[in-house]
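Notes follow once the structure below has been shown.
Bear in mind that the values in this text are calculations on the coordinates, not laboratory data. Quick caveat: nothing in here was measured; it's all calculated off a predicted structure. We place every Cβ from the backbone using ideal geometry, glycine too, and count neighbours over all the protein chains shown.
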Amino acid sequence: MPKIVAAESHLFELPLPEKMGDAKHGLHEHFELPIIRLTTDNGLEGVGYTYTGGVGGRAILAHLKHDLTPMLLGMETQDIQGLFEAMYWKTHYVGRGGAAGFAISAVDIALWDLKGKSEGRSLVQLAGGNSKTTRAYAGGIDLNFSTEKLLSNVKGYLDRGFEAVKIKVGRPDLAEDTARVAAIRTLIGPDRALMVDANYGFSRDEAKAASDAFAPYDVLWFEEPIDPEDIEGYAWLAEKTSIPLAQGENLHSANEFRQVIKNANVTYIQPDASNCGGISGWLEVALMAKKAGLTVCSHGMQELHVSLMSSQAHAGWMEVHSFPIEAYTKRQIHLENGLAVAPDEPGIGVEFIWEKLAPFEVH
Ligand SMILES: [Mg+2]
């Protein structure tokens, strides 16, 4: 049984190509990428990672270095579930999500990478193997863009082959949001999917008014209209709008997902393996969604989620997020007839270009 003999953690602060805004987080100028590299005594390396919107990377790095690495060294790598639980309980008092949850997610992903490499199997095979492709949409962080720039941005997505797009909403004036949604619908035509994302910028009543205003434009889902923890609010809104609701990127523990799936009346659930317990956590949520008859989607880190989403029969649309992690990996997402194609090499299929990351390391 291979054992972990070394664990190396790094934090990178990566620039964004331009300033990107949403309703609740202001302008993003960079994002953070914590990475852990696990080496085993049979010479394999497993790489796992997470990311943030620019805050918390140092706390995640500290969890990786000081809390998780000491317990991982010398451990056998096969029992991922056992290691996951050990990490969960080790950090439980300060964790159950948060920075500790992001750190556990990174380690879990590295363990799955090792599993795939040692068994010679790709992540899509390990995770369920339903298909080799998944529906995908381009998710813009574009609330700060002028309508003209928004339209040219979305035109760029269509030129790249996307058949579905998501824009941010939550401008100060609802009429402005509505005009932007209408303009995008006109641009993409009636057959492509259009989603909107408020990043919980609305109150319950504002979200109700917004969904009434957006309804004529055939919106596939309304993402995070209100505070993701306001489960009763989601159930209330779902009764009052014809637009299906979506959320999940801010749920970081199995229990949070259980509560939302049971009580919030959302249609699309959007776990992110970078923060909900890695691949183990994502698959657990996917199973919960399947049992509840919901569609599982993903948020961020498309270079990894392409395999998880392809593996599941009840998958909806994978987000191709605007944080370009894949600018630092050997393989890029590519679309065939609007579908994103999963990698087929052993492991998670995400290999970083270390020389490209190096200038951005935080020391
Ligand atoms: Mg979102």
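General remarks:
- Which of Val260, Val55 has the fewest Cβ neighbours within 10 Å, and the rest in rising order: Val55, Val260
- Beta bridge orientation in the stretch 125-341: antiparallel %, DSSP, nearest 5: 20 percent
- By the Stokes-Einstein formula, at 0.692 mPa s and 37 °C, the stretch 237-303 with its Kirkwood radius over alpha-carbon pairs has D equal to 278 µm²/s.
- Counting only DSSP H runs of at least 4 residues, each contributing -39500 (n - 2.57), and dividing by the residue count of the chain, the helix-based mean residue ellipticity at 222 nm comes to -11000 deg cm²/dmol.
- Calculated from the alpha-carbon coordinates, the chain shows an Rg and a Dmax of 19.7, 61 Å respectively.
- Beta bridge orientation in the chain: antiparallel %, DSSP, nearest 5: 55 percent
- Acute angle (nearest 10 degrees) that the helix 302-311 long axis makes with the longest principal axis of the chain, alpha-carbon atoms: 90 degrees
- Packing-based ranking, highest mean first, of 264-275, 190-201, 17-28 given that Cβ atoms within 10 Å are counted: 264-275, 190-201, 17-28
- Using alpha-carbon coordinates, inclination of helix 98-119 to the longest axis of the chain, degrees: 60 degrees
- Estimated D of the stretch 142-240 in µm² per second, where Rh is the Kirkwood radius over Cα pairs and Stokes-Einstein applies at 10 °C, 1.306 mPa s: 116 µm²/s
- Mean-square fluctuations from a GNM of the chain, with a 10 angstrom spring cutoff on Cα atoms, peak among Leu73, Leu33, Leu111 at Leu73.
- Against the chain, whose longest principal axis is taken from its Cα atoms, helix 174-188 shows a tilt of about 80°.
- For the stretch 182-311, alpha-carbon Rg and Dmax in angstrom: 14.6, 40
- Note on the chain: dipole from Cβ charges, positive end direction compared against His28, Leu304, Ser131; the farthest Cα belongs to Ser131.
- Part-to-part distance (alpha-carbon centres) for the stretch 288-363 and the stretch 235-279, which is given in Å: 20 Å
- The stretch 125-341, relative contact order in percent, only Cα pairs under 8 angstrom and at least six apart counted: 25 percent
- The overall shape of the stretch 125-341, judged from the alpha-carbon gyration tensor, is oblate: a/c is not under 1.5, and a/b is no greater than b/c.
- Unit charges on C-beta of K, R, D, E only; dipole of the chain, Debye: 400 debye
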